[in-house]
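Trainee: Once you've had a glance at the structure underneath, I'll fire off some questions.
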Amino acid sequence: MIKKIIVIALMLALFAWSLALIGKTEQKQVIAQTNKPETTTQAEETLPETVFSFNTQNVTTECSKDLNDMLCAVESAVKCTLKPDLENCAKLNLPQFIFMTDPTVERPTEMNYKFINKEIQPNGAVDMYTESSCNGGWFGLCQGTVIYVLEQNKNNKWFVKDIYAIE
C-alpha cells in the first residue's frame, strides 16, 4: 500500500512539473512574438521608389544622393559587380564571387534595380529585396527578384554578406 502511495505521489509531482514547463514555454513564445519587429511597414516608409541604373561607363565610387548606409552597401555591391576593379571594391567586405575574373563568367555591363522590400532577420541581418535586370548571366543574380543580405561589421558599417535570387 505504501508503494502505491509513493508511486502516485511521484506521478503527481512529475505531472505538476510538466505543467510548469509547458507554461514557461508558452510564455516565452508569447514574449518572442511581441518582440518581433514590424518589417513591412518599416520597409514601405524607408525604401526609395527610384529605379537605379548603372553601366560600366558611369560607375563611380560615390553613393547616390540621399541613400542610407544599407542602401549604399547594396549600390556598392552592384557597382563592384559591374566593375570589380573599381577603386573602393577591394576595401569592401563583399562576397568573393563578385571578384571572379574567369572568362566564362557572363559579367553584366549594365544593371538596373529598384528596392521593393526590406526584412529584418532575428539575427540582426537585413534582407534587401530588389527587382533587377541586367545584360549578362552573372550566376542568375541580376535578373528578377534579387536579395542582398546585409550585416554590420565591427565598426557598425553595413556590408553585403551574400546575394541570392528568387525566380
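The values are calculated or read from the model by the stated rules, or taken from the named source; none is laboratory data. These numbers come from a predicted model, not from an experiment. No Cβ is skipped: glycine too gets one built from the backbone with ideal geometry, and neighbour counts run over all protein chains shown. These accessible areas exclude ligands, DNA and RNA; they are computed on the full protein's heavy atoms, side chains included. Shrake-Rupley method; radii C 1.70, N 1.55, O 1.52, S 1.80 Å.
Trainee: Tell me, what is the per residue accessible area of the chain in Å², probe radius 1.4 Å?
Mentor: Value for the chain: 66 Å² per residue.
Trainee: With Rg and Dmax of the Cα atoms in Å in mind, check [x] 24.7, 92; [y] 24.7, 97; [z] 19.6, 65 and report the label derived from this structure.
Mentor: Computed from the coordinates, Rg and Dmax of the Cα atoms in Å corresponds to [x].
Trainee: Using the structure shown, list the pairs from Lys83/Lys157; Lys65/Lys154; Lys91/Lys114; Lys65/Lys161; Lys79/Lys114; Lys79/Lys154 with a Cα-Cα distance above 20 Å, or answer none.
Mentor: Distance filter (> 20 Å) returns Lys83/Lys157; Lys65/Lys154; Lys91/Lys114; Lys65/Lys161; Lys79/Lys154.
Trainee: Give the residues of the stretch 88-127 whose amide nitrogen is closer than 18 Å to a point set 7 Å from the Cα of Glu62 in the direction of its Cβ.
Mentor: Answer for this model: 88-89.
Trainee: While we're here: Could you compute how much accessible surface Thr101 exposes when probed at 1.4 Å, giving the result in Å² to the nearest 10?
Mentor: 120
Trainee: Between the DSSP loop rule and a limit of at most 14 other Cβ atoms within 10 Å, which trypsin sites (Lys or Arg not before Pro) in the stretch 73-167 are left?
Mentor: Those that pass, being in a loop and sparsely packed, are Lys154, Lys157.
Trainee: Next question, about the same structure. Express in Å², to the nearest 10, the accessible area of Ser64 obtained by rolling a 1.4 Å probe over the protein heavy atoms while all chains stay in place.
Mentor: Ser64 has an accessible surface of roughly 40 Å² with all protein chains in place.
Trainee: With all protein chains present, how much of the accessible area of the chain (probe radius 1.4 Å) comes from carbon and sulfur, to the nearest whole percent?
Mentor: 56
Trainee: Next question, about the same structure. Considering amide H positions built from the backbone, and no H for Pro or chain starts, which residues 5 or more places from Ala165, or on another chain, come under 5 Å of its amide H?
Mentor: For Ala165, whose amide H was placed from the backbone, the distant partners under 5 Å are Ile147.
Trainee: What net charge is computed for the residues neighbouring Gly137, neighbours being all others with C-beta under 9 Å from the C-beta of Gly137, Lys and Arg scored +1, Asp and Glu -1?
Mentor: Summing Lys/Arg as +1 and Asp/Glu as -1 gives 0.
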